[in-house]
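A quick write-up on the structure given underneath.
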Amino acid sequence: MSPMRILIIEDDREAAAYLVKAFREAGHSIDHAADGVTGYDLAQEGGYDVAIVDRMLPKMDGLSLIGALRAQGGETPVLILSALGQVDDRVKGLRAGGDDYLAKPYSFSELLARVEALARRRPKGAPEETSYRVGDLTLDRLSRKVARAGEEIALQPREFRLLEYLMQNAGKVVTRTMLLEHVWDYHFDPQTNVIDVHMSRLRAKIDRDFDAPLLHTVRGAGYMLRDDPQ
Amino acid sequence: MTTLNKLFRATAFKLTLVIFGLSVVGSALVLGVVAWQVIKLVDAETQQTIEEQAKGLAEQYDAGGVRRLGQVIDKRSHQPGSSLYLLTNNAGEPLAGNVAQLPPGVLDQVGVVDTPYETVDETAPGRRALARIFALPGGFRLLVGRDLGDRARIGAVMIHAMAVSLVFFAALAALGALFVARRVLRRIDAMNRSARAIMAGDLSLRLPVSGSGDELDRLAAGLNDMLARIGDLMTGLREVSDNIAHDLRTPLTRLRNHAEAALRSADDPAAYRIALERTIEESDGLIRVFNALLAIARAEAGADGAGMSAFDLGEAVESVAELYAPVAEENGAALKIEAAQGLMVVGNRELIGQAVANLIDNAVKHGAPEGEGAAKTEITVVARRDGASIAVEVGDHGPGIPAEDRGRALERFVRLEGARSRPGSGLGLSLAAAVMHMHGGALRLDDNNPGLKVTATLPAAAETPRLPAAQAAA
């Protein structure tokens, strides 16, 4: 993962210090603002790959900040971090112009994965890719065909979407909640290891009969589709 | 406040007074209009009589001049109940007639006049007459008129009637006001006493309902429903806080114990690592319970409209069931999905999806037949239209829930015997039930012969053009 410039707008000093330290350890460069107005000014100057915005901020609340930023044409991807974690809060946050929403308390690996996925997004207007390749695994979105080393692999529609999402984010950690959100369009906590079972079925289809595994489990975080085993 | 004072302040009393005032004004208006009409009629008749008599006198005058006229008037004047006549010469001296006195100048006004007068025979004061005055050649004046006593008498009768009815109204209104005010007051006082007793802490008390079905009864019934709801919420709150104390303390204690044990005895980084990982695992479990509790509380508080949309419940059930199918299979259960399409409902897709997920999760966890090595079981998930509602049934062939425990199974944190050893927070079914209630539906537990059948019902959406389902993160 190439280093990113991340703006963190968070008023709680301890929480901010933790985030700054953790993101620096992950190799990213961080700016921090402790209130909404300072954060807005920094975000306006631009140049950030992602902004992480707390909802409740002094001087200007997070949703107003995002609204103002979007009204000025700012396109920086924004992840909203909030103690308000119910379905309705999420809907409001995304409607206000946020690109992703994570409720506190969160796990850092989840936050990191989501931030990296956000930063990687295509710029607006860029054409969507129609096929993906990771190692010798290929996926064609138009013909809906998947092949590894030239051998076609038959996937169920849901498995196809799982793999498609993983390939879009190849080389990045994808968490279980991200998969549930993007593949099933649900955001609730499934209580059971439902995603893991789907993943092991997918793995059986794309990895079992081949030497080098492509689908890796990242302990404590999620999954990653990547070519060269590190 | 004295009883009397209270009575006068009562709304019913004031209302009665207003009605009394209005009816007095009303009856005065009616009587006034009647009197006016009657007087108009009497006047018209009087005038006509005068005209006819004047016509007769005119014929006499034409036949025999003033002399003949004088004779006729003289003769007519002395008949009982006669009209009023007066004939004067050019000096204004009376020549014939029964009118003795007139205000000066009246005879100069030729035409119809309304004037006081006095008769020759008696001198009763304050008599009035309606008269017509004619000017005859040679300065003679002729007055023909009728006494207006009738008119005055009608007026008097009317005023009398008005006075009597006023007294009657007043008495009736006062009685009515007293009766209504006292009756209403007594009931309101009773309601107030109950309200104070409830405020003092006895939440089981209810406001008295008389059974008459009037507006006070309806008010009392409405307030009683509100009290019942508040009571339910209070009981729920108390149970929840008791349960939270228990169900959160247990994992918190475990979490603390692990950390403490690691501090005390672990001496290599790997052991610390394991301890920390377990700590995070425990806290994730706690967060999960908190989130479920919050979701239930939100759902029970009712929908605020955000996140509501029309969507196909059949499709949603299918996608959730498909999400759980591999897990079910790993647990030795085949998930059989029979979801009809086009089952439109209006609601929060996310919450309803979670409710359905909880039902399936529940069936997967607890729906396996008892005993090790039992045969593969089947879990059926059905979504279908049921009249005006949409029903989602999840049936398993596990041990089921005895009929007497089914109500309790929907309560928060309740984990029935036999389920305690298995994973779960005891919140899944409560959340599903709360979500169904929030959307105007219900959750029912039945016997699946054998096993448990959970049926969730939601009102079907009215036939409207299909709206796009709410998208989660794009």
Only residues that are in contact (Cβ under 8 Å) with a residue 12 or more places away in the chain, part of a loop (DSSP other than H, G, I, E, B) and either over 30 Å from A:R219 (Cβ atoms) or at the interface with chain B (Cβ under 8 Å from one of its Cβ atoms) (or both): list them for the range A:60-83, please. A:M60, A:D61, A:Q72, A:G74, A:E75, A:T76
I'm told B:M344 meets every condition in (1) in the same structural domain as B:D361 (by TED's automatic domain parsing); (2) surrounded by fewer than 17 Cβ atoms within 10 Å (Cβ to Cβ); (3) more than 22 Å from B:N362 (Cβ to Cβ); (4) at pLDDT 85 or above except one. Can you identify the failing condition by its number? (2)
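Could you pull out the residue among A:L155, A:L162 that is in contact with a Leu (Cβ under 8 Å, 6 or more places away or on another chain), assigned to a loop (DSSP other than H, G, I, E, B) and more than 9 Å from every other protein chain (Cβ to nearest Cβ)?
Values: A:L162 fails: assigned to a loop (DSSP other than H, G, I, E, B).
Just a single option satisfies the conditions, and that option is A:L155.
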Before we move on, is A:G93 touching a residue at least 12 places away in the same chain (Cβ under 8 Å) and in the same structural domain as A:H28 (by TED's automatic domain parsing)? yes
Determine the pairs where a residue that is over 15 Å from B:A228 (Cβ atoms), located within the range B:182-207, has a partner that is of a type in the set (S, T, Y) with Cβ atoms under 7 Å apart, the partner being 6 or more residues away or on another chain. B:R187/B:S210
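Search the range B:83-96 for residues being under 13 Å from B:F134 (Cβ atoms) and not hydroxyl-bearing (S, T, Y), and hand back the single one that is farthest from the chain's Cα centre (by Cα). Working first, answer last.
Here is the first cut: in the range B:83-96, the ones under 13 Å from B:F134 (Cβ atoms) are B:85-88.
Add one more test, that the residue is not hydroxyl-bearing (S, T, Y), and what stays is B:86-87.
Details: B:L86: 74, B:L87: 77 Å.
Selected residue: B:L87.
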Go through the residues of the range A:205-225 one by one and say whether even a single one is free of Cβ contacts under 8 Å to residues at least 60 places away in the same chain, of a type outside the set (F, W, Y), under 28 Å from B:D312 (Cβ atoms) and outside the structural domain of A:Q86 (by TED's automatic domain parsing). no
Residue list for the range A:1-38, restricted to those being loosely packed, with under 13 Cβ neighbours inside 10 Å, basic (K, R) and either in contact (Cβ under 8 Å) with a residue 12 or more places away in the chain or in contact with a Cys (Cβ under 6 Å, 6 or more places away or on another chain) (or both): A:R13
When the range B:244-273 is checked residue by residue, the ones that are closer than 25 Å to A:E110 by Cβ and loosely packed, with under 14 Cβ neighbours inside 10 Å are B:L252, B:R256, B:P269, B:A270, B:Y272, B:R273
The correct count of residues that are modelled with pLDDT under 80 and either among the small types (G, A, S) or under 18 Å from A:T177 (Cβ atoms) (or both) in the range A:209-230 is 1
Give me the residue from the range B:442-470 that is surrounded by 12 or more Cβ atoms within 10 Å (Cβ to Cβ) and within 14 Å of chain A (Cβ to nearest Cβ) and, out of that set, modelled with the highest pLDDT. B:A469
Any hit, the range B:356-363, residues being over 17 Å from B:A432 (Cα atoms) and more than 8 Å from chain A (Cβ to nearest Cβ): no
Please go through the range A:165-198 and pick out each residue that is part of a loop (DSSP other than H, G, I, E, B) and either among the acidic types (D, E) or within 14 Å of the chain's Cα centre (by Cα) (or both). A:N169, A:A170, A:G171, A:K172, A:V173, A:D185, A:H187, A:D189
Please work out if B:V42 is surrounded by 12 or more Cβ atoms within 10 Å (Cβ to Cβ) and within 60 Å of the chain's Cα centre (by Cα). yes
Given (1) surrounded by fewer than 21 Cβ atoms within 10 Å (Cβ to Cβ); (2) within 10 Å of chain B (Cβ to nearest Cβ), number of the condition A:V183 does not satisfy: (1)
I'd like the full set of residues that are buried (at least 21 other Cβ atoms within 10 Å of the Cβ) and more than 7 Å from chain B (Cβ to nearest Cβ), limited to the range A:88-100. A:R90, A:G93, A:G98, A:D99
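Within the range B:128-157, how many residues are surrounded by fewer than 18 Cβ atoms within 10 Å (Cβ to Cβ) and over 28 Å from B:G65 (Cβ atoms)? Step through it out loud before you land on a result.
We begin by selecting, within the range B:128-157, every residue surrounded by fewer than 18 Cβ atoms within 10 Å (Cβ to Cβ); these are B:128, B:134-139, B:149-150, B:152-157.
The next check asks that each one be over 28 Å from B:G65 (Cβ atoms); those that pass are B:128, B:149-150, B:152-157.
Count: 9.
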Selection from the range A:194-222 of residues at the interface with chain B (Cβ under 7 Å from one of its Cβ atoms) and not hydrophobic (A, V, I, L, M, F, W, C) yields A:H198, A:R201
Among (1) more than 14 Å from every other protein chain (Cβ to nearest Cβ); (2) under 25 Å from A:D89 (Cα atoms); (3) assigned to a loop (DSSP other than H, G, I, E, B), the one test that A:L142 misses: (2)
Before we move on, is B:R218 assigned to a helix (DSSP H, G or I), within 30 Å of B:E393 (Cβ to Cβ), free of Cβ contacts under 8 Å to residues at least 12 places away in the same chain and more than 13 Å from chain A (Cβ to nearest Cβ)? no
Among the residues of the range B:254-305, count how many are within 55 Å of the chain's Cα centre (by Cα), within 11 Å of another protein chain (Cβ to nearest Cβ) and acidic (D, E). 3
Of (1) in a helix (DSSP H, G or I); (2) within 12 Å of another protein chain (Cβ to nearest Cβ); (3) within 19 Å of B:D284 (Cα to Cα), A:P105 satisfies all except one. Which? (1)
Output for Cβ contacts, cut-off 6 Å, separation at least six or different chains, first residue within 14 Å of chain A (Cβ to nearest Cβ) in the range B:327-343, second polar (S, T, N, Q), reads B:V327/A:T192; B:A333/B:T377
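The values are calculated or read from the model by the stated rules, or taken from the named source; none is laboratory data. Predicted model only: the values in this text are computed from it and were never measured. With ideal geometry, Cβ positions are generated from the backbone for all residues, glycine too; neighbour counts draw on all protein chains shown.
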